[in-house]
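So the structure is just underneath, and the comments pick up after that.
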Amino acid sequence: MSDDTLLDRLQRKADGRNINPRAGILEGEGSQQQVKEPEQARQGIDVLSTVPSRSGPDSAVAPSYYGLPVLKEPLWIWTVPAYFYVGGAAGAASVLGVALEAFGGKRLERLAERCHAVAVAGDIVSAGLLIHDLGRPSRFLNMLRVFRPTSPMSMGSWVLAGSGAANSAAFVLRPLPGALGAMGRAAGWMGAALGLPLAGYTAVLVSNTAVPLWQQVGRTLPLFFMSSATASAGSLLSLFPHSDAEERVLRRFRIAGKLAEAVTHEAVELEARQVMEVGKPLRSGASGALWALSRTCSLAGLVMDVLPGRARWKQVTADVLSTVGAVAMRYAVIQAGKASARNPQATFQGQRQGLGAAQVEGNTEASDGKPLSFPLPVLGQSAAPKTAMPYARFMTTQPEP
C-alpha cells in the first residue's frame, strides 16, 4: 500500500487525526484517542455595518465574541446566599443587643441577652456555611493568613472571625461580676462594631467582581443588604416569646428595617435597569422569579406589620413573610449574577456604556459622546487620550472622525 493511498484513507477518517505519515507519526499517550464528533469549522466573521461601541441594545444585532460568555460563571453553592442571610441577621442582632444594654435598662435586659445569643449562633452557623462552601476548614484558616484592607474577601474573613470571637466572649463573660463582666461588655461593643460591616460587606464583596449585574448595582446593594439584615434580625427576634415592652422595641426596629428594605429594593432595580442586558436576570428566568418573590413577601410582611391589631398570628405571619423575602433576595442576587456572567451581551453592553474596564481606563465619554456617570467613583485616574481605532477591517464605511 502506497503512502498516497494511506494518506487518502487517513483524510477520510472522521476522528480528527488526519496525520500525513510522510510529515510525522502519531504516537504517545494520546495517540489512540478517538474523536467521535469533530468540531465544525467556524464560519468567518461577517463585515460589521456599525461601530461595535455604537451598536444598539438588541442582542441579536450587537456584536460579541461568537456569542460565547466573556466570564466564567461563579461557582458558589447554596451555602453562600444562606451565609449572606445568617451573617447579616447576626450582625444586626449584635448591634441591637448593645443598644439595648446602653439605653434599655433592666426591663430590656432579657431581650439584650437574646440578641447576643442570636449573634453568637449566627456567627457559628455562618462560619460553618462558609467552610462548607470552601470544602475544608483549613481553607478558611488560610484566608486569615493575609490582612489586606483593599480586599473585601480578606476583610470579610477577619470581620467574621473577629465578630464570632467578640460575641462569644460577650455571651460568656457578661453575666459575671467584676472585671470579667466589664470585659464581656467591652467584647459586646466590639462585636457590635464588627456587626455593622458583617451585615453588608457581602454586597461589597460581590460588587467588586467582574460580574456585570453585581458591578452595576455596587452603590445600592450594600445599603439593601444592611436594610434587609435589620428587617431579618427584627423578624427573627420577634418570633421568640417576648413581653409587651420588648415588642414595642422590636416593632420599631423591624419596621424601620422593612421600610428601608423596600426603598433600597427599588433603588437596586433602578440601578440595574440602566443597561438593558445587565438588568435582564432580575426580570426573567429563575432569578427573576426569586427576585419577584422577595419583593412580594417583603412588602406583604411590611403591610401586615403596620396594619392595626396586635394579634399573635398576625405578627408571626408578618415575620415569616419577611424572612422568606430576605432569604429569597439573597438567592436571587446570586442566581442573577450567574445568569449575568453567562450572558456575553451583559458584559459588552455594559462596557459600551462606560462600565467595567472603561472606569479604570479613565474614560469620560460614552460611545454616544455623552459624559459618563459611573456607578463607582474613579479616583486618581486622568482621562485617557483619544486614539483613532482601525475599524476598516470590520466596517463597510469609515466612521466619522
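The values are calculated or read from the model by the stated rules, or taken from the named source; none is laboratory data. Computed from a predicted model, the values in this text were never measured in an experiment. Glycine also receives a Cβ, built like all others from the backbone with ideal geometry; neighbour counts cover every protein chain displayed. For accessibility, only protein heavy atoms count, side chains too; no ligands or nucleic acids. Shrake-Rupley method; radii C 1.70, N 1.55, O 1.52, S 1.80 Å.
At the listed q of 0.12, 0.15, 0.17, 0.22 Å⁻¹, the Debye profile of the range 76-183, built from one uniform point per Cα, gives log10 I(q)/I(0) equal to -0.47, -0.69, -0.83, -1.15. In the context of the full protein assembly, L196 retains an accessible surface of approximately 90 Å², using a probe radius of 1.4 Å and ignoring ligands and nucleic acids. Sorting H242, H116, H132 by accessible area puts them as H132, H242, H116; the probe is 1.4 Å, largest comes first, and only protein heavy atoms count. Which of the three applies to the range 162-305, rounded, prolate or oblate, going by the alpha-carbon gyration tensor with a ≥ b ≥ c and a/c under 1.5 meaning rounded? Because a/c hits 1.5 or more and a/b fails to exceed b/c, the range 162-305 counts as oblate. Taking the range 206-243 and a reference point 7 angstrom along Cα→Cβ of T150, the backbone N atoms nearer than 16 Å belong to 208-209.
Put the Cα centre of the range 109-123 next to the Cα centre of the range 180-216 and the gap is 17 Å. Taking all protein chains together, K106, K72 sort by accessible area into K72, K106, largest first [probe 1.4 Å]. Each peptide in 243-249, 221-227, 262-268 gets a packing score, the mean of other Cβ atoms within 10 Å over its residues, and the list from highest to lowest is 221-227, 262-268, 243-249. Charge tally for T230 (other residues, Cβ to Cβ under 15 Å; Lys, Arg +1; Asp, Glu -1): +2. For the range 216-295, the Kirkwood hydrodynamic radius comes to 13.8 Å, computed from all pairs of different C-alpha atoms.
Computed with every protein chain present, the accessible area of I77 is close to 70 Å² [probe 1.4 Å]. Of the solvent-accessible surface of the range 185-287, computed with a 1.4 Å probe and all protein chains present, 68% belongs to carbon and sulfur. With a 1.4 Å probe rolled over the protein heavy atoms of all chains, the accessible area of F147, F253, F240 falls in the order F147, F240, F253, largest first. On the range 91-165, 64 percent of the accessible area sits on carbon and sulfur atoms, based on a 1.4 Å probe. For D133, the accessible area of its heavy atoms, probed at 1.4 Å with every protein chain present, is near 40 square angstrom. A viscosity of 1.567 mPa s and a temperature of 4 °C, combined with the Kirkwood radius over C-alpha pairs in the Stokes-Einstein formula, give the range 170-223 a diffusion coefficient of 99 µm²/s.
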